[in-house]
1. Quick one: grab the alpha carbon gyration tensor of the protein assembly as shown, order the square roots of its eigenvalues as a ≥ b ≥ c, and give me rounded if a/c is under 1.5, else prolate or oblate depending on whether a/b is larger than b/c.
2. Which of rounded, prolate or oblate describes chain A when judged by the alpha-carbon gyration tensor and an a/c cut-off of 1.5?
3. Please average, across the residues of B:66-73, the number of beta carbons from any other chain that are within 10 Å of each residue's own beta carbon, and give a whole number.
4. Need the full-extension length gain, A:Ala135 to A:Arg216, defined as separation in residues times 0.36 nm minus the C-alpha distance. One decimal, nm.
5. When the distances between all Cα atoms of the range B:418-555 are binned every 5 Å from zero, what whole-number percent does each bin get?
6. Give me the base-10 log of I(q)/I(0) for the range A:206-286 at each q in 0.14, 0.18, 0.26, 0.27 Å⁻¹, Debye formula, one uniform scatterer per Cα, rounded to two decimals.
7. Whole-Hz ³J(HN,Hα) for each residue in the range A:225-235, computed from phi via Karplus 6.51 cos²θ - 1.76 cosθ + 1.60 with θ = phi - 60°, x for glycine and proline: what do you get?
8. For the protein assembly as shown, give me the percentage of DSSP beta bridges that are antiparallel, rounded to the nearest 5 percent.
Amino acid sequence: MSRTLVIQLARLGDLVQTMPMITALRKQYPRDTIDLLCPEPLRDLGTLIPGLDRVIGWDGARWHRWAERAIQGIQPDQRKEIEQELAALCPHIYDRAFVLNQHTRAIVAGTLLAKECVGPLAQGPLSEQLTPWAAYVREIARTRRSNRIHLSDAFCGMCGLLPPGTPPRCLTPLISPSRNLEQIGRGGGPWIGIIVGAGDPARLVPVDVWRAWIVRFLAVLPRGRVVLIGHGAECERARDIQQPLPPSILGRIWDITGQTTIHELAQTLTRCQHVIGSDTGPLHLAAAVGTPTLGWYFARARVHETGPYGSGHRIWQAQSEDGGPVVPATWPIEPSLDVLLSESPRTQPQWSQWTSQTDEWGTYYSEAGQSSAPPREREALWHELSHAMPV
Amino acid sequence: MNLLQTHLDGIRKTFPDLVSAVTESAGGVLTIAQSREGSPSATQEGQWIHSAYDPRKEAQSWATLQAKEWHAGELGVVLGVGLLYHVEALVASKPLGARLAVVISDIAAFKDALAVRPLGPWFNAIEWIWGNSDEMATQLASKSAPLRFFTYAPAARPYAAQHQALDVELRRLLATRQHGRLHVAVVGPIYGGSLPITKYVVRALESLGHRVSWVDHSIHHASYERFNTFRDPRHRLSMQSRFADVLSMGTLTELSEDPPDLVLAMAQAPMSLGALEHLRRKKFMTAMWFVENYRHLTYWQQLAPGYDYWFTIQQKDCHDALRRAGAPHVSYLPMAADPSVHRPLTLATNEQLEFGSDLSFVGAGYANRRAVLPRWISKDWTFKVWGNEWEGADAVAPILQRNGARIDTDTCLKVFNATAINLNLHSNTGEGLDPAADFVNPRTFELAAAGAFQLVDQRALLPECFTEDEIVSFEATDEVPSLIRTWLRDPVGRRTIADTARQRVLRQHTYEHRMKDLLAELGMREPDRLGSILRGERTAEVLAAQTTTPSELTPMLRQFAPDQRVELKDLAAQIRARGPRTELSREDLLILMLESYRTETRDLV
């Protein structure tokens, strides 16, 4: 029985996209100890990922403070404090670490906490030579060309694993929802979660577009309900969306921005029939809890790079002539409503529409009006990149 | 035995002279009053110096806040004695290995404090600093620890002047001991009077051995001027403002490529408040030398909270105004001269003829100069006026040289050296002498450094820069003609005074002196950041010898030149330079980890 540590120190979306890799790892090593090291603020999310024995929070803020002090020189008391922290995190060194980020801190953490480190670098933390999978992921990010292998599946490839075949689902959070959240998903319907904000300001859907979407949605589906989803800093945006709406409509909107923990958010997303938005992190989480997503991808968001994992997710991708970032002039309001009405979505000028599928090589997206067969180059890529796999 | 005697007995052995001074003092400065909570509180000159409700609780809150910045190995220095509640609370919050000193500005008030309430054993462990400002500065400078100042404002306020004097003297003493090498980014203006001063500052810092990155925005002057050609003033202002924002962003990018220890901006540097706030978030230390009259140029109001440290050429009202506008620290730093530029010249006969006269004035045609200078035209002496912006000044036209063209620094120096009496009239927008005559302009120092004789209008801050033997000043315009007559008749006297003034500049008023002062002030306020570098504690040799350095680091430090400054980033670079196949120790890995976080903190772009 071996002890394995999976290291994922990036953001919410990346952590959710690590789930298939953890599932594949568990499938291959059912008796091993498999722990996850993730950012401390996302530790609760980690506890929803199936297949893990323990979730360890990495306190980046504390490392920032140590680094700030270390600029003045490393003192023995600080060294002691760091060692104590590392010992508390991992009392026993792991047999191996799978490092999924290309950042120095993740690679160094893997080298510190495990005897063997499988990661993006071929020869340890000082190496500049990437493994074939890591080189592929970096190249895709740099050139922004269509990534026909989903990032979740690339994580599997990086660790010498094949995709799990069936997209994994998050565990159900064991919490009693607050009174406000308890009503969501009960009575009426469909319940649609709208992700009101976006981490990148360039990816924000204008407030009046969301307002127009809500008005149209409640007109075509009068029993429908809307749940406004977002963190504390997005409360004002949610208020702006609702402000000019008539009171009759307001009674059908649940604004829970700033009111949910990660577990409550996951539970809320489970209770929605669809989730729509442009912020990829919550869309990934919605997909992971099994809720179909409708994504509007523009600015620098790319369906092939960050489309939700699994089957049946729909993405509208704003088109640009040169492949650069796009600021849309129109929005796919009607096509997304068509999906909710179970109708074939109409086309939207300047946007292409994509639907996700899953096969043995993982998840892929196919464009509406084109063949839904998996892109041929995917399998070839798997063979090419896996030929020189580190494990 | 009464409380006073008990307390004095506790420190008699260590501070016998202080005990004698307290014994001889009459006391009676503080008025003791009971607080609501029951413990004694006090007023001084009618003002409460501790809480009237609960002095202990108030002291505790104050101490908790102060102790956050206090590190092991530092000597905390408290300004403001009061009834010592705050000192007691600070002792309780003291980090391991730190010491505490208290500055006694008034022995009588101290005596009052000792008689009011029983003080614990902590009292005997305090390092008491007392005497005149020179003595106190010497005592503090001799302490072998970085100083961390804590000002308890209610009790310190009545002694602000003494504390200011202590600060100046201590700064002077510490300036003489600087030997560490800093990396300073100097951010200059696009154009204007602070541009040449920026050059002098850069040169001074380099002469002192620091590494300087000059963020020179004067290269953008032509583009900035281009916007002046727009007819609609709204277009002009909008474009110039946006251009300044772009330059501000450019500065951040430049700083991010080679992060300095200190960002020193000169007046008019295009730095927006947003950029300064960003720098603070990223832990960059910023300072501004505002070499402007704060009454005339008021952009400081918007920028006051942005810079960590302000240095101004004015005092009192200027400092109060900046503090009210949100400036965290404000210090006085007068103008200066650069002796490599402002120097005596030997002129050829033709130059003497061209640039020489009995009386001359070099400068722009401000309103007061237009009104005053014509009064000093006389058939008894030759008078030449040099400089630009004299359009429409008909009374000056006959003596205006080169049709009012702008003249460069070299020409200025020739005029200074060729003239018997240089007039130095501080500018203002009124018709006479400056009614708020406080700061001393750069011209005063430049003329003195050039060994040129000058008559200058009196300034409140002039006497602390020059004595009457070094500079001749006037308080009213009607004094000037007789002064001109007197000094024209006395070439030997003029030479003596000019030489003495030049010696004073070389001794105390060069830009090197100013930069030493500025860095000493910053080193004093930031003992663990700039202070430790300036004290030379960051060199490989000193770090390796320090008992506080982890032993595992010593072999690594030995690989650097002994006098090389070594930072976390240098250690990380050394590890990386070993190549990808190197076996890394735990120490190496921790350094790489900390460095990755440090890089992110300092990543401005």
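1. Verdict is prolate for the protein assembly as shown.
2. prolate
3. On the way: counts 0, 0, 0, 0, 0, 3, 2, 1.
Per residue, the number of nearby Cβ atoms from other chains is 1 on average.
4. On the way: separation 81, 0.36 × 81 = 29.16 nm, distance 4.49 nm.
Full-extension gain reported as 24.7 nm.
5. Once binned at 5 Å, the Cα pair distances of the range B:418-555 give 2, 9, 15, 15, 13, 9, 7, 6, 5, 5, 5, 4, 3, 1, 1, 0.
6. -0.45, -0.77, -1.52, -1.57
7. Going residue by residue, I get 9, 10, 10, 8, 10, x, 8, x, 6, 9, 4 Hz, with x marking Gly and Pro.
8. Antiparallel: roughly 20 percent of the beta bridges in the protein assembly as shown.
Quick note: the coordinates plus some simple rules give every number you see, no bench work behind them. This one's a predicted model, so the numbers in the text were calculated from it and none came from an experiment. Virtual Cβ from ideal backbone geometry, glycine too; neighbours counted across all protein chains shown.
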